[in-house]
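Take a look at the structure below.
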Amino acid sequence: MSDMQNEHSQEETLAKEAISPVQPSRASARRRLLKRGVAAAPVLLTLASRPVLAWHCKSPSAWGSEQLNPHTSLATNEGHKKWADETWTISNWVSNSDRLGVGNPWAKLYAKYNGIKNNSGQFDYTKVTVAKLFGNVPGLGRPSGLSNSAYVKVVLSSGTDFQKYIIVAQLNYILLAPLASPYDLDRCVTLAELKKMASGSYSPPNVSFVWNQTDIVSYLFNNWIVQP
């Protein structure tokens, strides 16, 4: 084989590797971390690459069952279908930035719940307090440790991982789930379940163990419901 042919073959191999799914060895490593209970989101981010414009979202019960028994066949579960990954990240909420044409998250939230404006009648997403958010957006579960006067933007920047993930998961849901495909968040998890998770202690349906805050963050991260 000539040097030019060899170089071309190597480029093709690299291109295929760049778009290939997570390798079994990496998937096994991720499962081992989860089983040991040390599956922090930043660690998992280094172990697996997300498919471009696609996510594998499993329901809490399917995810919990699979952690108990990784060999369980869940091929018929709705969570194994693919939907476009067009939810807002935590960073999008911090900067009020668009992602993949979904729009600016705080603008969308204000259009639906204008009670989050400040007392002077103006809207500034950087000044929306915890009290304003949870007092004007119905159906949200409030994680513990939040001061009423704290700015939500600051919480999403420097709060705990659990506070960040659970707030963004619920906000993404209330704005995107009612829309048509490709969002389909309601086919993965319900707002009622997310609200239960906000307590920090959650037992998935038909699963015999209780998740703590780390488990909840791991679920939201690994099922692409919330990304950093």
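The values are calculated or read from the model by the stated rules, or taken from the named source; none is laboratory data. Not measured: the values here are computed from a predicted model. Positions of Cβ are generated from backbone atoms using ideal geometry, with glycine treated the same way; all protein chains shown enter the neighbour counts. For the accessible areas, the whole protein counts, side chains as well, though only heavy atoms, and no ligand, DNA or RNA atoms are used. Shrake-Rupley method; radii C 1.70, N 1.55, O 1.52, S 1.80 Å.
Mind putting a number on the dipole of segment 111-228 about its Cα centre? Charges go on the C-beta only, +1 for Lys and Arg and -1 for Asp and Glu, and I need it in Debye to the nearest 20.
On the way: 10 positive and 6 negative charges, 79 e Å.
Around 380 debye, computed over segment 111-228.
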Theoretical FRET efficiency, 1/(1+(r/R0)^6), r = Cβ-Cβ of VAL154 and TYR113, R0 35 Å, to 0.05: 0.95
Label segment 123-177 by shape, choosing from rounded, prolate and oblate, from the square roots a ≥ b ≥ c of the eigenvalues of the Cα gyration tensor; if a/c is under 1.5 it is rounded, and otherwise prolate applies when a/b is larger than b/c, oblate when it is not. rounded
Solvent-accessible area per residue for segment 124-204 (1.4 angstrom probe, square angstrom): 40 Å²
Spacing of the two label points (7 Å from each Cα toward its C-beta) at SER144 and ARG99, in nm: 2.8 nm
Packing-based ranking, highest mean first, of 164-170, 107-113 given that Cβ atoms within 10 Å are counted: 164-170, 107-113
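Filter the chymotrypsin sites (Phe, Trp or Tyr not before Pro) in segment 170-228 to those in DSSP coil with at most 11 other Cβ atoms within 10 Å of their Cβ, and list the result.
Sparse-neighbourhood loop chymotrypsin sites (Phe, Trp or Tyr not before Pro): PHE209.
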When a/c is below 1.5 the answer is rounded, else prolate if a/b is larger than b/c, else oblate, so apply that to segment 169-228 with a ≥ b ≥ c taken from the square roots of the Cα gyration tensor eigenvalues. prolate
